[in-house]
Amino acid sequence: MKKLEVFGATRLKGQIKISGSKNASLPILAATLLSNKKISLANLPRVKDIETMLLLLKSLGSIIEKNKKITTIKNNKQVKTFASYGLVKTMRAGILVLGPLLAKFGKAKVSLPGGCAIGTRPINIHLKALSKLGVKFKIIQGYVHANAPKGLIGANIRFPKISVGATENLIIASCLAKGKTVLSNCAIEPEIKDLVNFLNKMGCKVKWISKRTIKIIGKAKPNALSYQVMPDRIEAGTYLIAAALTEGKLKILGIDPQIINTEIKVLKKIGAKIIIKKKEIIIEGNKKIKNINIKTSPYPGFPTDLQAQMMVLLCKANKKSYIKEEIFENRFMHVSELNRMGAKIFTSGNKAIIEGNIKFQAAELMATDLRASVSLILAALASKGKSVINRIYHLDRGYEDIEKKLKKVGAKIKRVN
Ligand code: UD1
């Protein structure tokens, strides 16, 4: 199994170009199922989750061609409607094909994604909302068997809780439903705005009518299009934190600073110097890091996908900090590994107390999920000596060229078998 060796401590210096957003690409790829016309996508990141989604689309009958920068997708008329456990289990976003398949064919059989390391991650909100569009469900042997005998019919739906995936599934499905759908209490992550832009360019009629409310006029006739996926804000946030942690200086290129305004404010509060330009951010880490209390919440709050990375940084703060994880119930898997590196983090339920002034020690480590993996790399960059990070397949699900990018800014990092 592949591992990463990291030799610290290193001050990161130079520039990093941000890749396309994984979490925007996944629903956009699912939404291509709505169309039979040719769709060309630029800026899909080369990461495992995108490969898995492309395999899933292929298994449904999509014809996919890739050249270096552009991926084209074309659906035949007879796309299949079965998404297997083998493909959905490795990547929860597989459930995003449920909405478009139902919208186009009135039926689908999709594997339940199951739990994952960071929590149980149910899909009850997706299913309940789809049932309001006229879908009937049965769960049989780990699969959702869904049918909409009369086709999807537009409805007014209020999500009981903000869910990124459920908002995406419902927006996509409603594009082909009969009549008007109004979705309220929607997630408003920038990736959802990107999905809406994509759908509108494809000929769908999706409109934000208030901050968390979307109106969709159904029965769209999707046209061919070329689309460039937005940059990855979580990747950008990760490298900003890396610079602050290592007292480095990084120029982060190709990101709209406005979409990570919350993260920038937090980094400024803890003492990093930040200069914002139109499509780039320059960050310089400060020797002194101030403590801060953070809670994760839906956008525009602080993202749960940066919680682990931020926790590493707060180990270096001048005093105790607190983090409250409000999105996932079990997202502190990185804590025990960080404590093995000398951190003093105490958790109780969804709260963590992080003692400051920690000098990390290099160690052999085990990655447990995507963002936990990257947090261990960050801690290893700040530790003197050689750290070894095992189970890095999690990392490859979501960070394009991470070793290459880090090496370019001075990290000593190497992949070994
Ligand atoms: C997406 C992101 C993930 C990010 C998360 C929260 C993608 C591919 N993944 O995941 O990186 O960490 O948003 O920003 O974009 N919930 C239910 N029932 C449901 C659906 C969700 O109870 O049917 C709960 C979840 O367990 C969680 C919360 O709602 O506690 C938010 O989850 P959700 O926003 O749906 O996350 P994902 O779309 O799975």
**Prompt:** Just checking, which of Leu87, Leu12 is farther than 23 Å from Gly254 by Cβ and either open to solvent by 10 Å² or more (accessible area, probe 1.4 Å) or outside the structural domain of Leu127 (by TED's automatic domain parsing) (or both)?
**Reply:** Leu87
**Fill in**
Sole miss for Thr181 among (1) open to solvent by 10 Å² or more (accessible area, probe 1.4 Å); (2) more than 30 Å from Leu306 (Cα to Cα); (3) not in a loop (DSSP other than H, G, I, E, B) is condition (1)
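Just checking, how many residues over region 223-273 are among the polar types (S, T, N, Q) and assigned to a helix (DSSP H, G or I)?
Looking only at that region, the number is 4.
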**Item:** Index of the failed condition, His334 passing every other in (1) within 16 Å of the ligand (Cβ to nearest atom); (2) open to solvent by 10 Å² or more (accessible area, probe 1.4 Å); (3) not polar (S, T, N, Q)
**Value:** (2)
**Item:** Answer residue from region 337-352, given it is more than 20 Å from Leu4 (Cβ to Cβ) and open to solvent by 60 Å² or more (accessible area, probe 1.4 Å) and is nearest to the ligand (Cβ to nearest atom) among those
**Value:** Gly349
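Would you list the helices (runs of 4 or more DSSP H) that sit entirely within region 1-119 and hold 3 or more residues that are within 16 Å of the ligand (Cβ to nearest atom) and in contact with a helix residue (DSSP H, G or I) (Cβ under 8 Å, 6 or more places away or on another chain)?
22-31, 48-59, 98-105
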**Message:** Criterion first (outside the structural domain of Leu395 (by TED's automatic domain parsing), open to solvent by 10 Å² or more (accessible area, probe 1.4 Å) and in contact (Cβ under 8 Å) with a residue 60 or more places away in the chain) does Lys38 satisfy it?
**Reply:** yes
**Fill in**
Exactly one of Thr246, Thr262 is touching a Pro at 6+ places or on another chain (Cβ under 9 Å), hydroxyl-bearing (Ser, Thr, Tyr) and either in the same structural domain as Lys290 (by TED's automatic domain parsing) or open to solvent by 10 Å² or more (accessible area, probe 1.4 Å) (or both), and that one is Thr262
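The values are calculated or read from the model by the stated rules, or taken from the named source; none is laboratory data. Quick caveat: nothing in here was measured; it's all calculated off a predicted structure. A quick note on method: Cβ atoms are made from the backbone with ideal geometry, for glycine too, and the neighbour counts reach across all protein chains shown. For the accessible areas, the whole protein counts, side chains as well, though only heavy atoms, and no ligand, DNA or RNA atoms are used. Shrake-Rupley method; radii C 1.70, N 1.55, O 1.52, S 1.80 Å.
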